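The values are calculated or read from the model by the stated rules, or taken from the named source; none is laboratory data. Predicted model, so just to flag it, every value in this text is computed and none were measured. Glycine gets a Cβ as well: all are built from the backbone with ideal geometry, and neighbour counts include every protein chain shown.
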Amino acid sequence: MDAVTDLTRLTIAEAREGLDKKSFSARELTQAYLQAMEAARDLNAYIVETPERALQMAEASDRRIAEGTAGPLEGIPLGIKDLFCTEGVHSQAASHILDGFEPRYESTVTSNLWRDGAVMLGKLNMDEFAMGSSNETSYYGPVKNPWRSKESNADLVPGGSSGGSASAVAAFLCAGATATDTGGSIRQPAAFTGTVGIKPTYGRCSRWGIVAFASSLDQAGPIARSVKDAAILMNSMASVDPKDTTSVDVPVPDYTEEIGLSLKGMKIGLPKEYRLDGMPEEIERKWAEGAAWLKDAGAEIVDISLPHTKYALPAYYIVAPAEASSNLARYDGVRYGLRVDGEDIAGMYENTRSAGFGAEVKRRILIGTYVLSAGYYDAYYLKAQKVRTLIKRDFEQAFEAGVDAILTPATPSAAFGLGSMATASPVEMYLNDIFTVTVNMAGLPGIAVPAGLNASGLPLGLQLIGRPFDESTLFRAGQVIEDAAGRVSPEAWWKVA
Amino acid sequence: MSVDVATVKRIAHLARIAVTEEEAAALQGELNTILDWVEQLGEVDVADVEPMTSVVATTMRKRRDEVTDGGRATDVTANAPETEDGYFIVPKVVE
């Protein structure tokens, strides 16, 4: 490996140190990533590369480093999920219906990153409108997982919806990435790619300028190659934003201070309802191993019960489509994106939306329209929101009993084959989020941390769930898992010379 | 509860999504699979349970009623498929 590609192997923390010591310039670091991106186009992780803007930003970083005014992310090259509005740059939620959309404004989360000195490499692929668990619903085609099984060269999915983010981080195509999570879209792809992903508490990161899917569930968060890097990115992404009325007015702590702290006196709960019938033995074993690591680090492990767990996913598939059907009503061929003419204005709307949305998005809009339609609201949406209250209460009772964090598997399996779910029913795909969706329904923070490889050499992840606004504990306990399991990275089979 | 093809077409029209006969038939099966699956929520006793209105206990933030932005008609219409003099152009609605 030559010296230039070596730079992409650095963590954010290491890269920051190298930049400050002038071991290399921000321009050199950005160049190394741009080369890696070019050589890895087969993964389809990026929808749009922005090399000119990246180099300009890197040069500005070099000037600030020389002046001694470097920010906490100065010169760090990042990939941005296509769901985030970036001024003057392709922001289309990986959908055909937003063709040509280049917003005239910048999302709060990305503004925070640029304020702190980060460099934008491009926009990352994702499931259309963040609806999917395999990154196969993108208008721009599926993303490949940089990981392959030891037994086969078949392509695997990176998970979704933040599949481009996870794939790019795992394949060293950016130092870290932004992502979003409505039912597991940060944590499931992180688990499938051996990366770290955290969904913060609802209200911790501003949703302003992020294309809305299900507004009461959506949260932004980072995907990174280490727990510490995720903490560094969270320090910048989290903020209190007057432009988002659901942004909660709680100060942002320095999450990196938690890294390396002891777990002594901490109580970790293992919810018995997460032990599913027919769950692969490797998942069960990894979960037990994770509990042992936390115990060795001084935590007390206790069994807990979250009785309404099994109802979280069906309730989610009422609440999320209902909110999506309302949010996606704005794509009507008038104000932005695609327009397909019709006989009259209603015909134009119908033709535009028929051509512009993919199959999964249409399915969810129709389910959402149905459950909100006259006569069905009480039976579906109201009922689901009541079930949601019970799910949240389960967690509250566990925390009231003294549990500091909850340990679960992140996913019910390792990454599966690209196209392998093509003939499955929609519900089978939805089951991917069975361990992650409860966290969105209750608005809690959850982190997925790599916990080693399975027998086929594929990464498995563990999830830690915390109290509201206690991301700090997740970083602290997450670091213990990372220290015990070690960081993992795939063989670079995708490189084009 | 399950949906028939006529209901699928009605919902699709409400959602302003044109569907062909084949699409409506396929969607009927898919939607019924999902609706059958969410039926299990019927097992949950929700008597005396309040529906969730906010996932984080917080009072709604208010701001002063003042102009903080505006006067950006060109920015607003910049991404529209068809515009003229700062207006969105749509097919004729009234004769």
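Against the conditions (1) touching a helix residue (DSSP H, G or I) at 6+ places or on another chain (Cβ under 7 Å); (2) more than 13 Å from A:L366 (Cα to Cα); (3) not in a loop (DSSP other than H, G, I, E, B), B:K9 satisfies every one except (2). For region A:446-464, the condition holds for no residue, the condition being that it is part of a helix (DSSP H, G or I), in contact (Cβ under 8 Å) with a residue 60 or more places away in the chain and more than 19 Å from A:D127 (Cβ to Cβ). Please state which of the following conditions A:Q397 fails to meet, knowing it meets all the rest: (1) free of Cβ contacts under 8 Å to residues at least 40 places away in the same chain; (2) away from chain B (no Cβ under 14 Å); (3) in contact with a helix residue (DSSP H, G or I) (Cβ under 9 Å, 6 or more places away or on another chain). Going through (1) free of Cβ contacts under 8 Å to residues at least 40 places away in the same chain; (2) away from chain B (no Cβ under 14 Å); (3) in contact with a helix residue (DSSP H, G or I) (Cβ under 9 Å, 6 or more places away or on another chain) one by one, A:Q397 breaks only (3). Within region B:1-41, the set of residues being within 8 Å of chain A (Cβ to nearest Cβ), over 25 Å from A:K383 (Cβ atoms) and hydrophobic (A, V, I, L, M, F, W, C) comprises B:I17, B:A18, B:V19. Cβ contacts < 6 Å: first residue closer than 20 Å to A:T110 by Cα, restricted to region A:88-99; second residue among the hydroxyl-bearing types (S, T, Y) and crowded, with 24+ Cβ neighbours inside 10 Å, any location; separation 6+ or different chain. Result? If the second residue must be among the hydroxyl-bearing types (S, T, Y) and crowded, with 24+ Cβ neighbours inside 10 Å, the pairs left are A:A94/A:S138. What about A:Y316, is it closer than 30 Å to B:D45 by Cα, within 27 Å of the chain's Cα centre (by Cα), more than 8 Å from chain B (Cβ to nearest Cβ) and touching a residue at least 12 places away in the same chain (Cβ under 8 Å)? Taking the combined requirement at face value, the residue satisfies it.
Of the residues that sit in region B:42-71 and are out of contact with any Phe, Trp or Tyr (no Cβ under 6 Å at 6 or more places or on another chain) and surrounded by 12 or more Cβ atoms within 10 Å (Cβ to Cβ), which one is farthest from the other protein chains (Cβ to nearest Cβ)? Show your work before the answer.
Residues of region B:42-71 out of contact with any Phe, Trp or Tyr (no Cβ under 6 Å at 6 or more places or on another chain): B:42-43, B:45-54, B:57-71.
Checking which are surrounded by 12 or more Cβ atoms within 10 Å (Cβ to Cβ) leaves us with B:46, B:49, B:51-52, B:54, B:58, B:61.
Numbers: B:V46: 4, B:V49: 4, B:P51: 4, B:M52: 4, B:S54: 8, B:T58: 5, B:R61: 5 Å.
Applying the filter and picking the extreme gives B:S54.
Among residues of region A:84-108 being in contact with a helix residue (DSSP H, G or I) (Cβ under 6 Å, 6 or more places away or on another chain) and assigned to a loop (DSSP other than H, G, I, E, B), the one that is nearest to the other protein chains (Cβ to nearest Cβ) is A:R104. Number of residues in region A:323-346 that are at the interface with chain B (Cβ under 8 Å from one of its Cβ atoms), over 24 Å from the mean Cα position of the chain (by Cα) and not aliphatic (A, V, I, L, M): the value is 9. Do we find that A:P189 is in a loop (DSSP other than H, G, I, E, B), modelled with pLDDT of 95 or more and away from chain B (no Cβ under 14 Å) in this structure? Here the answer is no, as A:P189 does not meet what is asked. You will find that of A:M237, A:M266, A:M279, the residue that is touching a Cys at 6+ places or on another chain (Cβ under 6 Å), over 30 Å from A:S354 (Cα atoms), surrounded by 15 or more Cβ atoms within 10 Å (Cβ to Cβ) and of a type outside the set (F, W, Y) is A:M237 and no other. Please work out if A:G209 is within 22 Å of A:L73 (Cβ to Cβ) and within 14 Å of chain B (Cβ to nearest Cβ). Here the answer is yes, as A:G209 does meet what is asked.
Among the conditions (1) within 21 Å of the chain's Cα centre (by Cα); (2) of a type outside the set (S, T, Y); (3) at the interface with chain A (Cβ under 7 Å from one of its Cβ atoms), B:D75 misses just one, which is (1).
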